[in-house]
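Student: Here you go, one structure.
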Amino acid sequence: MKYFLDTEFSERGPAYPIQLISIGIVAEDGRTLYAENYECDWAACNPWVAANVLPHLTGPRSTLATIKAAIVDFVGKDSKPEFWGYFADYDWVVFAQIFGTMMDLPEGWPMYCRDVKQLCDERGNPELPKQNSAEHNALNDARWNQAAWKFLTDCCAGGR
């Protein structure tokens, strides 16, 4: 099954490691998961994150251990999940860190995330549908990732 994910995170370069703020996941079957990280150092967020991400948080906040358990429960017995994000490099790092390291991901889970933006480039870089919900809310963005993937696979399968 495909799982479309997005994270919001705080990072300020090498002196301040990336921290998960929130995660949204939309399963191909329509189920959703949203969680906010109680353990994030909210006061240390850079000004852009403080202005563009923090206002969209809806709560409640959970520990990383609780978020990890929720993701494992959400994916369930799917031993070969396929994860998709948009410009997903940092999303995948912060996702893997929920489990510890990438080596700690559940057995059978990929060590990579497929990227909707790369798929878009492969299909000739068509204009993607506009997002009709507030951006920088992880669940809204995960829903848009699914819509963009669907757009690309439905209408642009032939590439350029």
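Student: Antiparallel versus total DSSP beta bridges in the chain: what percent is that, nearest 5?
Tutor: 65
Student: With each label point set 7 Å from Cα along the Cα-Cβ vector, what nm distance links residue 107 and residue 89?
Tutor: 3.3
Student: Enter the accessible area of residue 136 (Å², nearest 10), with the probe set to 1.4 Å and all protein chains included.
Tutor: Here the accessible area works out near 50 Å².
Student: Next question. About the Cα centre, and with charges only on the beta carbon of Lys, Arg (+1) and Asp, Glu (-1), how big is the dipole of the chain? Nearest 20 debye, please.
Tutor: 240
Student: Positive end of the charge dipole of the stretch 1-105 (Lys, Arg +1 and Asp, Glu -1 on Cβ, about the Cα centre): tell me which of 96, 76, 57 has its Cα farthest that way.
Tutor: Looking along the dipole axis, the top candidate is 76.
Student: Hey, of (i) 25, 19, 15; (ii) 52, 31, 10; (iii) 22, 18, 14, which did the structure itself give for semi-axes √(5λ) of the Cα gyration tensor in Å when calculated?
Tutor: From the options (i) 25, 19, 15; (ii) 52, 31, 10; (iii) 22, 18, 14, the structure gives (i).
Student: Ordering 117, 130 by how much accessible area each has at a 1.4 Å probe, largest first, what is the list?
Tutor: Order by accessible area, largest first: 130, 117.
Student: For residue 51 and residue 121, compute 0.36 nm times the residue count separating them, minus their Cα-Cα distance, and round to one decimal in nm.
Tutor: 22.2 nm
Student: Choose one answer from 86, 38, 16: the residue with the largest mean-square fluctuation in a GNM of the chain with alpha-carbon springs under 10 Å.
Tutor: 16
Student: Right, another one. Of the residues 126, 60, 17, which exhibits the maximal mean-square fluctuation in a Gaussian network model of the chain defined by a 10 Å Cα contact cut-off?
Tutor: Among 126, 60, 17, the largest mean-square fluctuation in the Gaussian network model of the chain belongs to 17.
Student: Hey, another quick one. Extending each Cα 7 Å along its Cβ direction at residue 44 and residue 114, get the distance between those two points in nm, one decimal.
Tutor: According to this spin-label approximation, the distance is 3.5 nm.
Student: Also, quick follow-up: Under the rule of at least 5 residues apart or a separate chain, name every residue whose amide H is placed under 5 Å from the amide H of residue 46.
Tutor: 11
Student: Quick one: if you stick a label point 7 Å off each Cα along the C-beta vector at residue 78 and residue 135, how many nm between them?
Tutor: Distance between the two pseudo-spin positions: 2.6 nm.
Student: If I fit a long axis through the Cα atoms of helix 89-98 and take the longest principal axis of the Cα atoms of the chain, what angle between them do I get, 0 to 90°, rounded to 10?
Tutor: Between helix and principal axis, roughly 50 degrees.
Student: For residue 90, tell me the accessible area in Å² from a 1.4 Å probe, rounded to the nearest 10.
Tutor: 110
Student: With runs of 4+ DSSP H residues as the only contributors, calculate the mean residue ellipticity of the chain at 222 nm using -39,500 (n - 2.57) per run, divided by the residue total and rounded to the nearest 500.
Tutor: -10000 deg cm²/dmol
Student: Could I ask something else about it? Just the accessible area for residue 150, please: 1.4 Å probe, Å², rounded to the nearest 10?
Tutor: Its accessible surface works out to 110 Å², give or take rounding.
The values are calculated or read from the model by the stated rules, or taken from the named source; none is laboratory data. This one's a predicted model, so the numbers in the text were calculated from it and none came from an experiment. Methodologically, a virtual Cβ is constructed for each residue, glycine included, from the backbone with ideal geometry; neighbour enumeration extends over all protein chains shown. Please note that ligands, DNA and RNA were not included when accessible areas were found on the heavy atoms of the full protein model with its side chains. Shrake-Rupley method; radii C 1.70, N 1.55, O 1.52, S 1.80 Å.
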